[in-house]
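These notes concern the structure reproduced below.
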Amino acid sequence: MAEGFWDDQAAAQKQMKKIKDLKKWVSDYEELEGAVDELKLAMEFFQEEIVGEEEVDAAYAKAIRLTEDLELRNMLRREEDIMSAVLKINSGAGGTESQDWASMLMRMYMRWAEKAGYKVSIANLLEGDEAGIKTCTLNIEGDFAYGYLKSENGVHRLVRVSPYNAQGKRMTSFASVFVTPLVDDTIEVKVEPALLSWDTFRSGGAGGQNVNKVESGVRLRYQFTDPYTGEQEEILIENTETRDQPKNKENAMRQLRSILYDKELQHRMQEQAKVEAGKKKIEWGSQIRSYVFDDRRVKDHRTNWQTSDVGGVMDGDLDGFIKAYLMEFSESADEKE
């Protein structure tokens with residue numbers, strides 16, 4: 001390692017991160033190469049009647065899985081794709097039914113993240129009046145969490161016979177999902193201290209006697225002015241993740257930096273979209289997917305990818321939707337690089 005490498009901690013951390021990423025690519029390629037060799041060997045043994053079809057099928061399935069995993073990650077080339085993610089869910093109009101739908105989506109994303117080996121924590125949660133949730137914020141930590149979950153930005157529509165309707169009518173509910181990269185200390189984001197203000201409050205919900213007696217919850221307000229349009233807005237963040245107020249403040253600041261980073265990112269994407277006039281536009285804020293329980297169908301309206309395995313989807317099986325999205329929308333990003 002070069003002399004003075006660690007003199008600039010931020011620069012050194014960025015460089016070490018690049019090295020880690022490259023090592024991951026090399027190790028995954030070597031694993032795939034080994035799986036292909038195993039498949040060739042299994043075929044030779046099968047022809048010599050040393051192994052059966054089951055062994056060949058298993059070797060083939062492993063090689064295909066590793067190839068598809070590497071192909072999928074190859075679509076995630078943007079700087080922010082490798083980051084962890086902040087995922088926020090808000091229930092739409094419709095009271096208990098939409099709040100129940102928001103809680104179902106929260107479970108779906110938590111199950112997906114757990115299956116993918118990511119660390120999941122609930123940064124904030126506001127329970128519904130009777131059932132479900134009004135809003136929640138999840139931190140999903142691990143490499144490429146944002147790259148995969150950026151496909152989930154938008155409005156999710158549920159159609160089902162509602163258990164909360166006495167007449168057993170078919171009802172439609174909506175919930176919005178907003179995903180931003182979860183930035184760390186290696187990402188430079190400018191926060192103006194003069195534009196910050198804090199409130200504290202007593203957390204609600206389960207958690208023991210401490211919850212309602214200690215003001216551990218924090219509410220951050222940031223007066224943001226868009227440097228490109230001049231539009232002003234107040235960014236509001238609540239964090240009740242722990243019973244430690246300073247820790248909650250630290251987590252809220254991290255979320256603020258993630259939001260500010262994402263705003264700059266969205267501006268870049270909009271500028272790119274203007275250049276790509278003849279290509280299909282990604283509408284981040286529109287209805288992106290319908291979940292029709294009675295018809296046993298979940299369909300993504302951007303890619304037209306659909307499945308009849310509603311139960312599997314609600315249990316976190318989202319990889320088909322994610323892959324279809326990246327296959328269709330990552331091409332224009334790659335051409336820029």
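The values are calculated or read from the model by the stated rules, or taken from the named source; none is laboratory data. Just so you know, these numbers come straight off a predicted model, no measurement behind them. No Cβ is skipped: glycine too gets one built from the backbone with ideal geometry, and neighbour counts run over all protein chains shown. Ligands, DNA and RNA are excluded from the accessible area calculation, which covers all protein heavy atoms including side chains. Shrake-Rupley method; radii C 1.70, N 1.55, O 1.52, S 1.80 Å.
Couple of notes before you dig in:
- Listed residues A11, A123, A93, most fluctuating in the chain (Gaussian network, C-alpha, under 10 Å): A11
- At the residue level, H301 shows approximately 80 square angstrom of accessible surface with a 1.4 angstrom probe and all protein chains present.
- Among the GluC sites (Glu not before Pro) in the range 1-104, those located in a DSSP loop and surrounded by at most 12 other Cβ atoms within 10 Å of their own Cβ are E3, E48, E49, E79.
- About its Cα centre, the chain has a charge dipole of approximately 1660 debye under the convention of +1 per Lys or Arg Cβ and -1 per Asp or Glu Cβ, with nothing else charged.
- Heavy atoms of the protein chains alone define the surface here; on that basis the chain has 55 Å² accessible area per residue at 1.4 Å probe size.
- From the alpha carbon centroid of the range 51-107 to that of the range 113-135 is 17 Å.
- When the Gaussian network model of the chain links Cα atoms closer than 10 Å, the mean-square fluctuations of T225, T96, T180 top out at T225.
- Sum of -39500 (n - 2.57) over DSSP H runs of 4+, divided by residues of the chain (222 nm, nearest 500): -14000 deg cm²/dmol
- The chain - share of DSSP beta bridges that are antiparallel (%, nearest 5): 90
- The 1.4 Å probe gives accessible areas that order F46, F321, largest first, as F46, F321.
- Sequence-distant residues sharing a close amide H with G132 (under 5 Å, placed H): none
- Taking every C-alpha pair closer than 8 Å and separated by at least 6 residues, the mean separation divided by the residue count of the range 1-106 gives a relative contact order of 17 percent.
- Test item: Cα-centred dipole of the range 50-165, Lys/Arg +1 and Asp/Glu -1 on Cβ, debye: 380
- The chain: relative contact order as a whole-number percent, Cα under 8 Å and 6+ apart: 17
- Based on C-alpha pairs under 8 angstrom that are at least 6 apart in sequence, the range 61-163 has a relative contact order of 34 percent.
- Computed in the context of the full set of protein chains, the accessible area of the chain at 1.4 Å probe radius has 49% of its extent on carbon or sulfur.
- For the chain, the gyration tensor built on C-alpha atoms gives an oblate shape. Its axis ratio a/c (a ≥ b ≥ c) is at least 1.5, and a/b is not larger than b/c.
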